[in-house]
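The structure under discussion appears below in the form of structure tokens.
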Amino acid sequence: MPPNIAAIFQALADGDDLPRVLEKFHLSREQLNTIFQEVARYYRDLEQGQWTLYCDGASSGNPGPAGAGFILIDPDGEIRLERGDYLGEATNNVAEYRGLILGLKATLNLGVQKIQVYSDSELLVRQLNRIYRVKAPHLIPLYQEARKELQKFRSYAISHVPRDRNWEADRLARQAIDRKGRTM
């Protein structure tokens, strides 16, 4: 039976020294350290609000010159990061996935644990929510990479958003095409 975490913390708060707590609850130092890490992670997650990622991809020609863009918004509604990357020749669906993957990686680099993702690509959203199967062979590795990145978050949701509510990420993707190769 797992130890009663509240009782352990109460014993420490009551002034029991560490060796006594270890003995009383039949714990090793490693087990107690694991409990402390779990509690710290729990409270860190409670304190951290949900971030929002808007992502998009664009292709002129489909396939043609393509760009990917994303906007990351913190829990207070402030834009924390925005980026557009030129992708070279790609289809629109590839660009959509690339925008998502770039945004997820940048978000994870900031240590974010909770993310709400918005994309105007119904295909991407439905594939990642497992409503549609990924049929195009060239999209399978991108789908797998996106799923792998999403799994690194403590919690996530991915939702469809109308194009007019995703205009900033779209702007960054299109500017990346226009400026070919320069990251913004």
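Coordinate-derived values only; no laboratory data. What you see is a predicted model; the values in this text were computed from it and never measured. Using ideal geometry, Cβ is built from the backbone for each residue, glycine included, and neighbour counts are taken over all protein chains shown.
Tabulated values for the structure
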read-out: Leading residue at positive end of dipole, the chain (Cβ point charges), from GLY61, ILE35, ALA7; value: GLY61
read-out: Nearest 10 degrees, 0 to 90: helix 140-150 Cα axis against the chain principal axis; value: 40 degrees
read-out: Tilt relative to the chain, helix 29-47 - C-alpha long axis, 0 to 90 degrees, to 10; value: 50 degrees
read-out: Least to most buried among VAL134, VAL161 (fewest other Cβ within 10 Å first); value: VAL161, VAL134
read-out: About the Cα centre, charge dipole magnitude for the stretch 23-102 (Lys/Arg +1, Asp/Glu -1 at Cβ), debye; value: 220 debye
read-out: Lys, Arg +1 and Asp, Glu -1 on Cβ, resulting dipole of the stretch 51-178 about Cα centre, debye, nearest 20; value: 640 debye
read-out: C-alpha long axis of helix 92-109 to longest principal axis of the chain, angle in °; value: 30 degrees
read-out: Unsatisfied cross-links (Cα-Cα over 21 Å) in the set LYS105/LYS135; LYS105/LYS152; LYS114/LYS135; value: LYS105/LYS135; LYS114/LYS135
read-out: Cα lying deepest toward the dipole's positive end in the chain, options VAL94, GLN151, PRO137, charges on Cβ; value: PRO137
